[in-house]
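Each remark here refers to the structure printed beneath this line.
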Amino acid sequence: MHKYSAVRVGIAGVTGYAGVELMRRLARHPHVDVRVAMASAGSEARRIPSLARIWDSPVEPLDVEKLTAQTDAVFLALPDSVSATLAPQLTARGIRVFDISGAFRLQDAELRKKWYPHSPSNGGASYGLPEHHAEELRDAQLIACAGCYPTAAILSLRPLVRAGLLEPGIIIDAKSGVSGAGKAPSERTHFSEIHGSLAAYGVFAHRHAAEIEQELGADVTFVPHLVPIDRGILETIYARLRPGVGGEEVEQALAAAYKDSPFVRLTGSELPEVKHVTHTNFCDIGWKVNRPGGQLVVVAVIDNLVKGAAGQAIQNFNVAYGFEETAGLN
């Protein structure tokens, strides 16, 4: 157990969708004392209606000095450019940082320059997907929490790629609810634009593809879509199995990888749905194989605001501090 009975925590960016999710769960976490809640922008303290009855104090402007003085760990639910500047300041002062943005996820400098130009360095960050990086998290000062789309894709595919079960040519057809675009309004997320519609976007131009390929060590074709639901991600993944590989090998690889993972649920041929995981930290994975050496279809679902953001960050926090992995998430 960590030396603190409760870790002093700050949340920066608490006014966004992921920030509110963080506060809801951290306020009830048995090992957390939330000391500071700050907005991502603005110069005046204010009360936030969505935090009523959870956080009674005003939400303050960003203040690195106050975060340093009053916390042991800080959760950043900020734009990439803001996290890129703030996180190194905090870690230099001994604060552990759990960053939900993408600023520090990519290890390759050229890819980071392309997709996250405000991040000249990854700050020595550990990649925050605890099912595959738990040991690295225990001593990490800066944890770059995995992205929403990559979480479902990596959890589904990494054990299969590592086991050598798949041929090249993986295709990921991903669909996300509108909250994945963030709280700031835009023409794309306007009700009259998204209602009754479904749109592909970012084809060959989405930064999460680089993150997925980094963690798989394999090329993928990744196509995200925006669907008219408020939250949730469903990914349908298509791959070809190597000769002689069938459903039994797929099941064995996934079962071995996640036998001790409390938030990964393998559903086999019963394909999961978004409603099975909304408001939870679960990733449900199901699959079908047409024949040995043939086609594999994997379906994975998560809540983009929980396992894809706030819940992921808290799970990383629990592992990093040696708490029960499910603390604050049940």
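The values are calculated or read from the model by the stated rules, or taken from the named source; none is laboratory data. These figures come from a predicted structure and were not determined experimentally. Counting neighbours? That spans all protein chains shown, and the Cβs are built from the backbone with ideal geometry, glycine included.
Does the range 263-273 contain at least one residue that is farther than 16 Å from ALA300 by Cα and surrounded by 15 or more Cβ atoms within 10 Å (Cβ to Cβ)?
no
Only one of the numbered conditions (1) touching a Lys or Arg at 6+ places or on another chain (Cβ under 7 Å); (2) of a type in the set (S, T, N, Q); (3) under 24 Å from ILE143 (Cβ atoms) is not met by THR278, and that is (3). On inspection, ALA92 qualifies as at pLDDT 95 or above and either surrounded by fewer than 15 Cβ atoms within 10 Å (Cβ to Cβ) or over 21 Å from the mean Cα position of the chain (by Cα) (or both). Taking the range 114-225 as the region of interest, the helices (runs of 4 or more DSSP H) fully inside it that hold 3 or more residues being of a type in the set (D, E, K, R) and either within 18 Å of ALA310 (Cβ to Cβ) or assigned by TED's automatic domain parsing to the domain that holds GLN312 (or both) are 130-137. A Cβ distance below 6 Å, combined with a sequence gap of six or more or placement on separate chains, defines the contacts here; from the range 249-270, residues that are touching a residue at least 40 places away in the same chain (Cβ under 8 Å) reach residues that are among the charged types (D, E, K, R) and part of a helix (DSSP H, G or I) in the pairs SER261/GLU131. Which ones in the range 50-79 are farther than 17 Å from LEU22 by Cβ and of a type in the set (Gly, Ala, Ser)? Matches in the range 50-79: ALA69 only. Of the residues making up the range 76-113, just one is free of Cβ contacts under 8 Å to residues at least 60 places away in the same chain, of a type in the set (A, V, I, L, M, F, W, C), over 14 Å from ALA140 (Cβ atoms) and part of a loop (DSSP other than H, G, I, E, B), namely ALA103. For first residues located in the range 61-75 and without any contact (Cβ under 8 Å) to a residue 24 or more places away in the chain, partners that are crowded, with 16+ Cβ neighbours inside 10 Å and lie 6+ apart or on another chain with Cβ distances below 7 Å form the pairs PRO61/MET38; PRO61/ALA39. Taking the numbered list (1) more than 11 Å from the chain's Cα centre (by Cα); (2) in contact (Cβ under 8 Å) with a residue 60 or more places away in the chain in turn, ASN304 passes all entries but (1).
Checking ALA12, ALA52 one by one, the residue that is among the aliphatic types (A, V, I, L, M), surrounded by 22 or more Cβ atoms within 10 Å (Cβ to Cβ) and at negative phi is ALA12 and no other.
Residue count for the range 226-235 satisfying the condition of being touching a strand residue (DSSP E or B) at 6+ places or on another chain (Cβ under 9 Å) and either outside the structural domain of GLU273 (by TED's automatic domain parsing) or surrounded by fewer than 21 Cβ atoms within 10 Å (Cβ to Cβ) (or both): 2. Residue count for the range 95-125 satisfying the condition of being surrounded by 21 or more Cβ atoms within 10 Å (Cβ to Cβ) and of a type in the set (Gly, Ala, Ser): 5.
Scanning the range 171-194 for residues that are β-branched (Val, Ile, Thr), within 21 Å of GLY102 (Cα to Cα) and modelled with pLDDT of 90 or more yields a single hit, ILE172.
Give me the residue from the range 75-104 that is small (Gly, Ala, Ser) and in contact with a helix residue (DSSP H, G or I) (Cβ under 9 Å, 6 or more places away or on another chain) and, out of that set, nearest to LEU62 (Cα to Cα). Out of the qualifying residues, it is ALA77. Consider the range 26-75 and keep the residues that are part of a helix (DSSP H, G or I) and among the aliphatic types (A, V, I, L, M). The one that is nearest to SER5 (Cα to Cα) is LEU26. Tell me, yes or no, whether the range 292-309 has at least one residue that is out of contact with any Gly (no Cβ under 9 Å at 6 or more places or on another chain), assigned to a helix (DSSP H, G or I) and within 23 Å of VAL14 (Cα to Cα). Yes, that holds for at least one residue.
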